């Protein structure tokens, strides 16, 4: 009896699955899916490489310092780095004195409490402080950025599909030429206060082009500050903020692989040694 009911239940679900498949096929044929304007005009990230790519990748400290400079002078006015402390900059090659100077002269002070009155106040940042937020809250951030809250950049290369190449593509992909914008269909054209960028998922975003031209910053190492160079440098810096232990992880990974290889070899040799006498004895009996 139980088997009979089990067969009935199986037939019911199998029939329901077949009916659903047939109905779905009919719906697909009668009303085929229409490609959205985002699908048609959205572009995949550009093909760009970084020194940290691959299992042997390492950070270029000089590039990271350039990228930090771009963040400081271009991005920090809107985007926070809430998971990064000033003292972490020592990993980029800055001295302790330089780190303290960067923290003390940071344009946005760190929130604090007045010990005399208990009221909220601010103070110059210390090396142990995290980077202070550019806005006190999301309401203020949205009010200053066309109702869009700028995302925190600490983990942005991990949080966005495409990683650092996506960030680089977004920074270099703004379409500002009126003639090119005029070619877009109405549903793809930017609305009031928006900017067209085919690398952004919705094609149009509130953020204006942050890097607007060559020599927007002046690199102390003499590197030419082109739009492409600045975009690549700050993207490399954001790879580091998202995974500052990348180099150690690579080193640990290779050490683990070497250990496993040696352990496998020793295990195989032990197997041969332990079972050699047993196999020899078995041959004699045969």
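Here the range 40-57 is the region considered, the condition is being over 17 Å from the mean Cα position of the chain (by Cα) and in a loop (DSSP other than H, G, I, E, B), and the residue that is farthest from residue 239 (Cα to Cα) is 42.
Please specify each residue of the range 103-144 satisfying the condition of being part of a loop (DSSP other than H, G, I, E, B) and surrounded by 13 or more Cβ atoms within 10 Å (Cβ to Cβ). 106, 108, 109, 125, 126, 127, 129, 131, 132, 133, 134, 135 - these are the residues of the range 103-144 that are part of a loop (DSSP other than H, G, I, E, B) and surrounded by 13 or more Cβ atoms within 10 Å (Cβ to Cβ). When you look at residue 222, is it surrounded by fewer than 16 Cβ atoms within 10 Å (Cβ to Cβ), free of Cβ contacts under 8 Å to residues at least 24 places away in the same chain and not in a helix (DSSP H, G or I), yes or no? Judged against the criteria, residue 222 is a match. Within the range 228-286, the only residue that satisfies the criterion of being loosely packed, with under 10 Cβ neighbours inside 10 Å and outside any helix (DSSP H, G or I) is 286. For the range 147-173, a tally of residues being surrounded by fewer than 21 Cβ atoms within 10 Å (Cβ to Cβ) and either not in a helix (DSSP H, G or I) or not assigned by TED's automatic domain parsing to the domain that holds residue 78 (or both) returns 12.
Here residue 184 clears all of (1) within 28 Å of the chain's Cα centre (by Cα); (2) in contact (Cβ under 8 Å) with a residue 12 or more places away in the chain except the condition numbered (1).
Taking the range 81-139 as the range and being touching a residue at least 60 places away in the same chain (Cβ under 8 Å) and under 22 Å from residue 66 (Cβ atoms) as the test, the residues that pass are 81, 83, 84, 88, 91, 92.
The values are calculated or read from the model by the stated rules, or taken from the named source; none is laboratory data. As the structure is a computational prediction, the values presented were derived from the model and not from experiment. Heads up, the Cβs are rebuilt from the backbone with ideal geometry, glycines too, and the neighbour counts pull from every protein chain shown.
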